[in-house]
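The values are calculated or read from the model by the stated rules, or taken from the named source; none is laboratory data. It should be emphasised that the depicted structure is a prediction, and the values quoted were computed from it without experimental measurement. Reconstructed Cβ throughout: ideal geometry from the backbone, glycine too, with neighbour counts over all protein chains shown. To get the accessible areas, we keep the full protein, side chains included, count just its heavy atoms, and leave off ligands, DNA and RNA. Shrake-Rupley method; radii C 1.70, N 1.55, O 1.52, S 1.80 Å.
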Amino acid sequence: MRCKICRKEKAVINIKSYLLSLCKDCFVDRFRRQLRHTIKQYRMFGPNDRILIAVSGGKDSSVLWYLLTEMGYQADGLYIDLGIEKNQYSLRSKEYAQQLSQSLKRPLLVYDLRTNTGKGIPDLKGHSNRKSCSVCGKIKRHFMNKIAREKGYDCLATGHNLDDETAALLQSTLRWQQHYLGRQAPVLEEREEGFVRKVKPLVRFTEKEVALFAFLSQLPYLEDECPYAKGATTLFLKDILNQIEERSPGTKLAFYQEFLKIKALFQRELPPPNQCMICGMPTTAQICSACKILSPSLP
Ligand SMILES: [Zn+2]
Ligand SMILES: [Zn+2]
């Protein structure tokens, strides 16, 4: 099959939702243009902003860091070492993050959870693998926000793609969790009480598109899933969404973009947060969820 844009080269991808077959060059060009458009459309950040990217060694954050650097943004990496020894997961993912940092000539901040708190994710997830993703997510969000604030970054960027966002959206929708629905967005504005601005520049790309971009750009990244993610609800929901997408191409993007149009329905004025009694970070309770996880004996 030929590329539908240049009509010369052999197509490497067929994007069914657009009835579009593209060659290597046209695909990477289009990817870059769409990323630029997304950053502008949602007013994510400007050329003078200092951006901290949460880097995991996986494809999404690697592609994001690579492209933002190439586009001339001041983007540094933050790697949170979760202390996952199974399959040497943390060690290997850190090596990929460091390798990318060197090739991009951008600094990588490393936060070692075990050194700083005495506990890694394996110690915190308890006996349940099923819960490990939500525990890990809370811990990561906490320290990413804390470090971005302490180091004075203008925003924190994560590599969430369309598959991540639609899986989260489906999960919240199935139980109509207004709190989550109201806060799911490509940009979460900074709240003066200590939450840094959060942006997700890859939201309009599927996992498949990001993986293909990484492959075509010969970006090295860790392909393994986290060993604790097996059986996670998110993976199950992603699989279901892929089945729906297969039958009805374009559904994922429509599900997400149409949601953004009606999102205001779910937004609630949040009460001003308290300061966590332990770490001083903002929280709606007395003690923030990260501190509760780190010190389970607390009330
Ligand atoms: Zn082409
Ligand atoms: Zn706390």
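Couple of notes before you dig in:
- Sorted largest first, the principal axis extents computed over the alpha-carbon atoms of the stretch 1-103 equal 48, 38, 25 Å.
- Taking Cα atoms only, the orientation of helix 251-262 departs from the longest principal axis of the chain by about 60 degrees.
- With DNA, RNA and ligands ignored, accessible area of Met44 (1.4 Å probe; Å², nearest 10): 0
- Taking all Cα-Cα distances within the stretch 192-235, those exceeding 11 Å account for 78%.
- Normalised by 2.2 N^0.38 Å, where N is the number of residues, the alpha-carbon radius of gyration of the stretch 61-181 equals 1.16.
- Counting only Cα atoms, the size of the stretch 100-167 along its three principal axes is 40, 34, 24 Å, in decreasing order.
- Within the full protein context, the accessible area of Val196 is estimated at about 10 Å² for a probe radius of 1.4 Å.
- Of the chymotrypsin sites (Phe, Trp or Tyr not before Pro) found in the stretch 115-190, the ones in coil according to DSSP and having at most 13 other Cβ atoms within 10 Å of their Cβ are Trp176.
- Distance between modelled label sites at Leu216 and Asp112, nm, 7 Å Cα→Cβ extension: 4.0
- Per residue, the average separation of C-alpha pairs within less than 8 Å and at least 6 apart gives the stretch 11-103 a relative contact order of 21 percent.
- Taking one quarter of the surface of the C-alpha convex hull of the stretch 150-209 gives a mean projected area of 4.8 nm².
- Per residue accessible area of the chain, 1.4 Å probe, in Å²: 54
- Calculated FRET efficiency for the pair Asp29/Leu235, C-beta based, R₀ 22 Å, to 0.05: 0.10
- Taking only Cα atoms of the stretch 51-127, radius of gyration then Dmax in Å: 13.3, 45
- Eigenvalues of the alpha-carbon gyration tensor of the stretch 202-299, scaled by 5 and square-rooted, set the equivalent ellipsoid semi-axes at 35, 22, 15 angstrom, largest first.
- Amide N proximity, the stretch 156-173 versus Lys263 label position 7 Å along Cα-to-Cβ, cut-off under 12 Å: 165-166, 169
- C-alpha long axis of helix 162-174 to longest principal axis of the chain, angle in °: 60
- Across all C-alpha atoms in the chain, the radius of gyration and Dmax reach 19.5, 66 Å.
- Working from the Cα coordinates of the stretch 249-295, the gyration tensor eigenvalues give, after taking √(5λ), semi-axes of 35, 15, 6 Å in decreasing order.
- Per-residue SASA entry for Glu95, accessible area with 1.4 Å probe, Å² rounded to 10: 100
- Cα centroid separation - the stretch 214-279 against the stretch 1-43, whole Å: 22
- Exposure rank, largest accessible area first [Ile262, Ile13; 1.4 Å]: Ile262, Ile13
- Extension gain, Gln41 to Gln102, is 18.9 nm, computed as 0.36 nm per intervening residue step minus the present C-alpha separation.
- Contact order relative to length of the chain, as percent, for alpha carbon pairs under 8 angstrom and 6 or more apart: 19
- Spin-label model, Gln88 to Leu188: label points 7 Å out along the Cα-to-beta-carbon direction sit 3.4 nm apart.
- Compared with the dominant principal axis of the Cα atoms in the chain, helix 89-104 is inclined by about 60°.
- Of Lys16/Lys86; Lys94/Lys292; Lys24/Lys94; Lys59/Lys263, pairs whose Cα-Cα distance is over 31 Å: Lys16/Lys86
- Evaluated over the stretch 205-260, the Cα radius of gyration and Dmax, each in Å: 13.6, 34
- Extension gain from Tyr180 to Asp224, taking 0.36 nm per residue of separation minus the Cα-Cα distance: 13.0 nm
- Helix-only CD estimate at 222 nm, as mean residue ellipticity for the chain, using -39500 (n - 2.57) per DSSP H run (n ≥ 4): -14000 deg cm²/dmol
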